[in-house]
Amino acid sequence: MKVYIKNKIVSIGGGSDVLDVNGQPIFKVKGNAVSFRRTKYICDMAGNVLYTVKNKLINLWKHRAFMYDAAGTKIATVSNKVFTVKKEFFVHGYKDEIKLEGNIFSFSSNILRNGQVIGTMRRQIEVMRGIIGADSFELEGSEEDMPFLIALIIAVDNICDNARR
């Protein structure tokens, strides 16, 4: 299954659209306008929260985001690897070993579960009306894993945004 995560250029709270290959919305990412932790809610089209992603409030060297399931239970911590040529993110505390890895000079990464590729992410920079900077992502993976993979990409995007600040 292939989906596109399109960050909205003008959005209070930083919401995103998740579209299928035909451009139809299949998930929603809602941001919280007043949130120091950049809280994002990954929802189905009925508005039910599937996952929640929150940044760690204070980061010194290593940036982190936390992933919560629909019940609000913390299921994982996502962190970046510091001082490396490879761009790597690790998911700690999850039932499987999850890792997102790619070259820092490319815009694509593989998502691995226990060493096996379960998804691919390609980052794109959107150019709209002369404004550069709206990220969008192409994400491929199984339909079963897709909500988790979307939450993971949102967590990684939050970490990258936080690291740039």
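Residues of the stretch 31-65 that are at pLDDT below 95, surrounded by fewer than 17 Cβ atoms within 10 Å (Cβ to Cβ) and touching a strand residue (DSSP E or B) at 6+ places or on another chain (Cβ under 6 Å): Arg37, Lys62. Here the condition is being out of contact with any Leu (no Cβ under 8 Å at 6 or more places or on another chain), at pLDDT below 90 and of a type in the set (Phe, Trp, Tyr); of Phe89, Phe107, it holds for Phe107 alone. Residues satisfying the criterion are absent from the stretch 129-143 (criterion: aliphatic (A, V, I, L, M), in a helix (DSSP H, G or I) and either under 24 Å from Asp44 (Cβ atoms) or at pLDDT 80 or above (or both)). Which one is modelled with the lowest pLDDT, of the residues in the stretch 1-30 that are within 23 Å of Thr120 (Cβ to Cβ), within 14 Å of the chain's Cα centre (by Cα) and not hydrophobic (A, V, I, L, M, F, W, C)? Among those that are within 23 Å of Thr120 (Cβ to Cβ), within 14 Å of the chain's Cα centre (by Cα) and not hydrophobic (A, V, I, L, M, F, W, C), it is Asn7.
The values are calculated or read from the model by the stated rules, or taken from the named source; none is laboratory data. Predicted model, so just to flag it, every value in this text is computed and none were measured. Neighbour counts are summed over all protein chains in view; Cβ atoms, including those assigned to glycine, are modelled from backbone coordinates with ideal geometry.
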